[in-house]
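Student: The structure follows.
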Amino acid sequence: FDKFRKGLEKSRTGLWGRLGGWIQGGKIDDTVYDEMEEALLAADVGFDTAIWLVEQVRRAQRQNRVTDPKELPRLLMDAMVDALSGPDPQMHFAESGPTLMLVVGVNGVGKTTSIAKLAHYYQQQGKKVILAAGDTFRAAAIEQLTEWGGRIGCDVVRHSQGADPAAVVFDAISAARSRNADLILCDTAGRLHNKANLMNELAKIHKVAERELPGSPHEVLLVLDAVTGQNALSQAKVFQEVVNVSGIVVTKLDGTAKGGVVLPIVRERQIAVKWVGLGEQMDDLEPFDARAFAQAICS
Ligand code: GDP
């Protein structure tokens, strides 16, 4: 999470930086809590979760009879870890045969890049990965995924633009079986403005997946761009209405002051953040770690 911390330092909006006043003030009063709430809002934690966090800190402070404001950062960090510790962050795999992961999200959030990063991550663990170009709506999406496939050295199953994405999934599953691949990472179209279309397309993909590879998809990963702040939270809500999201990839946490949106995504939507994207290169992906995240955002 170093890149995340560095990004926050650059933008000088790390909570600690903003809240230096707490520690110097000498006593804990309502002003301190107001400042804490403001700093949380500035980090894009969102209103409900900011209030919830401040309440948790107040309660812990009272219960533990804390009087030194220097202790508050630690209490806030604990409250954040608490908020982030609900849903299970483990990735799910098939017990035997290939694992299918669908990757969903609106265009531009970093979906293709995240697929490539995940492929690279699992290749390094010795898995054979196949990419499926399921965003058949945009020719550029198919090209971009193919380019990444070449760069990281894994096969890409693709059809032409406008083809049926469910047919791409069908072919990817047969390809995975015949080539003994362990993992299929499938891109999907991110047309959120047409919710009915998106829902139908994903339902059809699910139907083919369940039929051809029982128990799949094993993961439906939603990619959200941290830079969009509270918009990321609304996207999570809409995608949850359309598909059974099993985990989130939060991208572009490097160089944003808005990483705080991770907190309401987990606490309010009850979906695990499983991965964070910290740059444009294939290595810039890390499994999510609640404490490391809380430490980074508070540094
Ligand atoms: P898609 O339209 O959702 O498939 O988005 P892309 O994967 O094409 O990514 C859009 C842009 O965001 C590209 O310029 C990527 O290099 C960039 N990007 C993706 N993930 C990250 C990240 O974690 N950090 C940064 N800084 N840029 C990213």
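Laboratory data are not the source of any read-out in this text; all were calculated from the coordinates shown. Worth saying up front: this structure is predicted, and the values here are computed from it rather than measured. Note that each Cβ is placed from the backbone with ideal geometry, even for glycine, and that neighbours are counted across all protein chains shown.
Student: Report, in deg cm²/dmol and to the nearest 500, the calculated mean residue ellipticity at 222 nm for the chain, where each DSSP H run with n ≥ 4 adds -39500 (n - 2.57) and the sum is divided by the residue count. If you can, show how the numbers build up before the last one.
Tutor: Working: 13 runs with 153 residues, N = 299.
After summing the helix terms and dividing by the residues of the chain, the value is -16000 deg cm²/dmol.
Student: I've got another one for you. If you take the square roots of the eigenvalues of the alpha-carbon gyration tensor of segment 63-181 and sort them as a ≥ b ≥ c, do you get rounded (a/c under 1.5), prolate (a/b over b/c) or oblate? Provide the component values of the computation, followed by the final result.
Tutor: Values: a/c = 3.04, a/b = 2.29, b/c = 1.32.
Judged from the Cα gyration tensor, segment 63-181 comes out prolate (a/c at least 1.5, a/b above b/c).
Student: Continuing with the same structure: Based on the Cβ-Cβ distance from N231 to A163, what FRET efficiency comes out when R0 is 35 Å, to the nearest 0.05? Don't skip to the answer; put the middle values down first.
Tutor: Details: r = 30 Å, r/R0 = 0.86.
Computed FRET efficiency for N231 and A163 comes out at 0.70.
Student: Would segment 90-246 count as rounded, prolate or oblate if I go by the C-alpha gyration tensor, calling it rounded below 1.5 in a/c and otherwise prolate when a/b exceeds b/c, oblate otherwise?
Tutor: Working: a/c = 1.39, a/b = 1.32, b/c = 1.06.
Rounded, because the longest to shortest axis ratio a/c is under 1.5.
Student: Now for a separate question. Show me 64-75, 115-126 ranked by packing, highest mean number of other Cβ atoms within 10 Å first.
Tutor: Put in order of decreasing packing, that is 115-126, 64-75.
Student: Take the Cβ-Cβ distance between R211 and R191 as r, set R0 to 22 Å, and report the resulting FRET efficiency rounded to the nearest 0.05. Don't skip to the answer; put the middle values down first.
Tutor: Details: r = 24 Å, r/R0 = 1.10.
Working from the Cβ atoms, E equals 0.35.
Student: Right, another one. Which net charge results for the neighbourhood of A175, defined as the other residues with beta-carbon distances under 12 angstrom from its beta-carbon, given Lys and Arg at +1 and Asp and Glu at -1?
Tutor: Details: positive: K128, R158, R177, R179; negative: D155, D171, E212.
Its environment carries a net charge of +1.
Student: I'd like the orientation of helix 139-152 relative to the chain: the angle between its Cα long axis and the longest Cα principal axis, in ° from 0 to 90, rounded to 10.
Tutor: 80
Student: Taking all pairs of different Cα atoms in the chain, averaging 1/r and flipping that mean, what Kirkwood radius in angstroms comes out?
Tutor: Values: mean 1/r = 0.0499 Å⁻¹.
Taking the inverse mean of 1/r over all distinct Cα pairs, the chain comes out at 20.0 Å.
Student: Go ahead and run the numbers for FRET between N200 and E35, Cβ-Cβ distance against an R0 of 41 Å, rounding to 0.05.
Tutor: Numbers: r = 48 Å, r/R0 = 1.18.
About 0.25, to the nearest 0.05.
Student: Relative contact order (percent) for segment 192-299, with alpha-carbon contacts under 8 angstrom and 6 or more residues of separation? If you can, show how the numbers build up before the last one.
Tutor: Numbers: 141 pairs, mean separation 22.8, N = 108.
Averaging sequence separation for qualifying contacts and normalising by length gives 21 percent for segment 192-299.
Student: Over 25 Å between Cα atoms: which of K204/K252; K237/K274; K117/K195; K111/K204; K111/K237 fall into that group?
Tutor: K204/K252; K117/K195
Student: Cα axis of helix 195-212 to longest principal axis of the chain: angle in degrees, 0 to 90, nearest 10?
Tutor: Relative to the chain, helix 195-212 is tipped by roughly 60 degrees.
Student: With contacts defined as alpha carbon pairs under 8 Å and 6 or more residues apart, what's the relative contact order of the chain in percent?
Tutor: Working: 575 pairs, mean separation 82.9, N = 299.
Computed over the chain, the figure is 28 percent.
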